[in-house]
Amino acid sequence: MDFVGESKEQLDVLEDGGNLFIGRKKSVHREFGREGALLIGRSADAAGVGKHVFLDSISPHVVFICGSRGTGKSFSAGVIAEELVLRNPNVACIVVDPVGIFWSLRYPNKEDAELRKLEEWGLDPSGIEKTSVFIPEGQRTRVPKETFDRTFSLRASELTVDDWCLTFGIDRFSPIGLLLDKVVEKTRERRKNYGLEDMLYTIEKDKDFSSRERGFKQDTRRALASRLDAARSWGVLSRDGTPLAEVCKPGFVSVMDISFLEENVASLVIGMLARKILAARKLVTRKEAAGSAEEEKDVEEVLDVDIPPTWLIIDEAHTLIPSGGRKTAATDALIEYVKQGRRPGCSLVFATQQPSAIDSRVMSQLDLILCHKLVFDEDLHAVMKRMPTLVPPEYEKSRFLKTLPIGIALVGDRSESTSRAFCLEVRPRYSQHEGREAVMDIGAKASPEKVVSLATSLVYKKLQTAPMSLVRVEEACDALSSRYKVKVDTSAVLKALQAHGCVIDDGTVVSLPGVVGRGEENEGQVNSIVAQAPALRVTESEARRLAEKMRQRKSLGLFGAEETVSEVRLVREPLYRVSFNLPLQRGFKELYCYCDENGELYYWEKGLRRTTGLAALEGFDERRLRVLKALRKPADVRTLAKHTSLTAQGLARILADLGEAGLIEEQKKGVYRARKLDVPDTLDEKRFLLDDFAKFEPFESGKGDPARGKSGYERYHSIPKLYGGRPQKVEKVLRPVWRVTFAGAKGDRVEMIEAI
């Protein structure tokens, strides 16, 4: 052992046969001995150097693992997971994996350095056979089958209104939050176990929501429906959900791979899981105490209640239970889990590289800390403040923790048997840590043809979800060239992609739906299926330059925080091309316009711009638009009648409709004024004729349309109707946008840069 911590303070630890035990009471050890003791390492402290250290798993614990990136915190969490499966068959272990590294638990360790350490320790490499890797149901077809066993989903009916609000980032008592509360209540009245479709049906069909007296504005209803509609893409919500008993199995480790989910959705999943485990264990322990645990159970109880004591292991925990008063959908559930989990046998192991970023209400419940190397004083202070035992002066100095070698941790144990903190060397892993699986095992001496085939396959698969820039394709070919030590000809890959029906358009490769191949015999077919997006005017390098300017402006702002540009990615967002005829005194004029899913128009005016407020006019007619235009200045009914050529009776109805929609306000008795709206006076202007969007794919009415309860044609036809136009057809175009992600201390921030 190269590192040995030295302190003048006496070290007393529960010892048996030359082995040290932490987290264990003497009474428990007298009864169980080595049973349920987890080998996590050996002492690296001069007072007991080389002695094996075991962690108790008979009693419930709250274990905190921290350390800078790459110092061994995730490795240590994996060691605890391995030991729980191998040493305590009476408990369940769940690993929450936000970065996708724990699926390799089932494979034996193959790292040369680790294999040498295992031999030194007298241990053998082995995969943990009793491992089940779960991924979200919606990711089933996207993830290599070899890296997961099952999928999971949550019951939408088990989400509280607070869960929804925190996940969507909306105010609980805003109009949309209050509507959500009512939707949940009314949907539950109709069906006990409901799904997203049932909630959307309630919004669409319940007449109370559209009532003038008791209802909600159309914008509010539409906004909530859009959010619920978007929740389908998460792939984690269903009507039935995965039974808790499938995840909490005694003697098994279940890896919940949430690396595919956005941070807010991942928080929702973990919050729900922690809440369900705690509730189930409370009920089980109550029945055991009452002597009724063996009574006949129903099916639901077997599936969702009858679970063993559970260890929940969470990596990157600062994203779920952040400090500073910020809440996620997991915060309250995890706080209750650690506060109330001791009696029902709920243990928590959570790891982070930012100890100062963890909610203090969780940190106050710790009984064990494994602290790896830390470099920031704020994090060092947070750890020392919560260390559950005495820390010798030699270890308390910041320089000590800043210089700890990888794999060494300072252990703090609240147990009365441990007198002070001491140093520990974490044992090597039996299983593979952060295993990386090759996409295709074609050997180190693969032929150029095979590598070109592999590159074509990978790029084509990616093109089915989004276009790729030529630069990105070249980068992929270069990476495979390095991997297999064979020069990959990018032009050969592009030629193969064209044979699969892909098109290269101004630096972008696009896969055309419905096209099988592209040869001379079907050239006309390709041309007839015009589906590619408009040509790019802003390259990736230009987008990165603009992103850097945006970052600097944010950093230099009065309240700005330092950020980095973590990703610049080309995405395609749908727009809808609405063709219509505008009647003239003689004949008509053929025009078109472009709108987005929210019903707002796009136009060109020193750059691509978007109207604001037009979506609020959906369902209105040309007369109501005429009144809104007249009310750009305050006016009474008599003045309005003069400028709009409408009767007083007709104006009264229109003013009532506009008032209910929140589009006008009564400034004083009988005098009205329109709220500020950025909507055009007419669509007969060159700025709406966007030549860049000349190529599009046919739009199918009702398919994938965001407007619930009406066809796409009705929704998008309402815009030209508002200006007296006669709609002819609706077609879809993919609008290229550079999606820029800025990473900062407070999380990620996303901005969009127009690519045309």
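The values are calculated or read from the model by the stated rules, or taken from the named source; none is laboratory data. Everything quoted here is computed from the prediction, not taken from an experiment. Virtual Cβ from ideal backbone geometry, glycine too; neighbours counted across all protein chains shown.
General remarks:
- Count of residues meeting criterion [closer than 20 Å to residue 133 by Cβ and modelled with pLDDT of 90 or more] in the range 108-119: 2
- Of the candidates 647, 611, 682, the single residue that is loosely packed, with under 14 Cβ neighbours inside 10 Å, of a type in the set (Val, Ile, Thr) and touching a residue at least 24 places away in the same chain (Cβ under 8 Å) is 682.
- Any hit, the range 11-24, residues being in contact with a Pro (Cβ under 6 Å, 6 or more places away or on another chain) and closer than 24 Å to residue 64 by Cβ: no
For (1) at pLDDT 90 or above; (2) buried (at least 24 other Cβ atoms within 10 Å of the Cβ); (3) closer than 20 Å to residue 257 by Cβ; (4) out of contact with any strand residue (DSSP E or B) (no Cβ under 8 Å at 6 or more places or on another chain), each residue gets a yes or a no:
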{"residue": "18", "(1), (2), (3), (4)": "yes, no, no, no"}
{"residue": "35", "(1), (2), (3), (4)": "yes, no, no, yes"}
{"residue": "51", "(1), (2), (3), (4)": "yes, no, no, no"}
{"residue": "58", "(1), (2), (3), (4)": "yes, no, no, yes"}
{"residue": "66", "(1), (2), (3), (4)": "yes, yes, no, no"}
{"residue": "90", "(1), (2), (3), (4)": "yes, no, no, yes"}
{"residue": "96", "(1), (2), (3), (4)": "yes, yes, yes, no"}
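For every residue, the table says whether it meets (1) surrounded by 16 or more Cβ atoms within 10 Å (Cβ to Cβ); (2) modelled with pLDDT under 95; (3) under 28 Å from the mean Cα position of the chain (by Cα); (4) assigned by TED's automatic domain parsing to the domain that holds residue 370.
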{"position": "262", "(1), (2), (3), (4)": "no, yes, yes, yes"}
{"position": "290", "(1), (2), (3), (4)": "no, yes, no, yes"}
{"position": "305", "(1), (2), (3), (4)": "yes, yes, yes, yes"}
{"position": "325", "(1), (2), (3), (4)": "no, yes, yes, yes"}
{"position": "343", "(1), (2), (3), (4)": "no, yes, no, yes"}
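- Checking residue 259 against (1) among the polar types (S, T, N, Q); (2) within 22 Å of residue 343 (Cβ to Cβ); (3) part of a loop (DSSP other than H, G, I, E, B), the condition it does not meet: (2)
- All of (1) surrounded by 17 or more Cβ atoms within 10 Å (Cβ to Cβ); (2) in a helix (DSSP H, G or I); (3) assigned by TED's automatic domain parsing to the domain that holds residue 756; (4) at pLDDT 80 or above hold for residue 494 with one exception: (3).
- Which numbered condition residue 748 fails, given (1) modelled with pLDDT of 50 or more; (2) surrounded by 15 or more Cβ atoms within 10 Å (Cβ to Cβ); (3) over 22 Å from residue 607 (Cβ atoms): (2)
- Pairs with Cβ under 8 Å, 6+ apart, first in the range 619-634 and free of Cβ contacts under 8 Å to residues at least 24 places away in the same chain, second in a helix (DSSP H, G or I) and buried (at least 16 other Cβ atoms within 10 Å of the Cβ): 626/644; 630/640; 630/644
- Residue check, residue 566 farther than 30 Å from residue 471 by Cα, touching a residue at least 24 places away in the same chain (Cβ under 8 Å), not assigned by TED's automatic domain parsing to the domain that holds residue 664 and not in a helix (DSSP H, G or I): no
- Every pair of residues 6+ apart whose Cβ atoms lie under 7 Å, when the first sits in the range 29-43 and is assigned by TED's automatic domain parsing to the domain that holds residue 410 and in a loop (DSSP other than H, G, I, E, B) while the second is surrounded by 15 or more Cβ atoms within 10 Å (Cβ to Cβ) and among the basic types (Lys, Arg): 36/87
- Condition met for residue 133 (in a loop (DSSP other than H, G, I, E, B), in the same structural domain as residue 313 (by TED's automatic domain parsing), in contact (Cβ under 8 Å) with a residue 40 or more places away in the chain and aliphatic (A, V, I, L, M)): no
- Some residue of the range 205-218 being farther than 21 Å from residue 658 by Cα, touching a strand residue (DSSP E or B) at 6+ places or on another chain (Cβ under 8 Å) and surrounded by fewer than 15 Cβ atoms within 10 Å (Cβ to Cβ): no
Results for (1) in the same structural domain as residue 404 (by TED's automatic domain parsing); (2) charged (D, E, K, R); (3) farther than 12 Å from residue 315 by Cβ, shown as yes or no for each residue.
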site	(1), (2), (3)
53	yes, no, yes
66	yes, no, no
73	yes, yes, no
76	yes, no, no
81	yes, no, no
88	yes, no, yes
97	yes, yes, no
101	yes, no, no
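- Residue match in the range 242-250 (condition: part of a helix (DSSP H, G or I), in contact with a Phe, Trp or Tyr (Cβ under 7 Å, 6 or more places away or on another chain), buried (at least 18 other Cβ atoms within 10 Å of the Cβ) and among the hydroxyl-bearing types (Ser, Thr, Tyr)): no
- Conditions (1) within 23 Å of residue 735 (Cα to Cα); (2) at pLDDT below 80; (3) out of contact with any strand residue (DSSP E or B) (no Cβ under 9 Å at 6 or more places or on another chain); (4) basic (Lys, Arg): number failed by residue 545: (2)
- Checking residue 199 against (1) surrounded by fewer than 18 Cβ atoms within 10 Å (Cβ to Cβ); (2) over 19 Å from residue 328 (Cα atoms), the condition it does not meet: (1)
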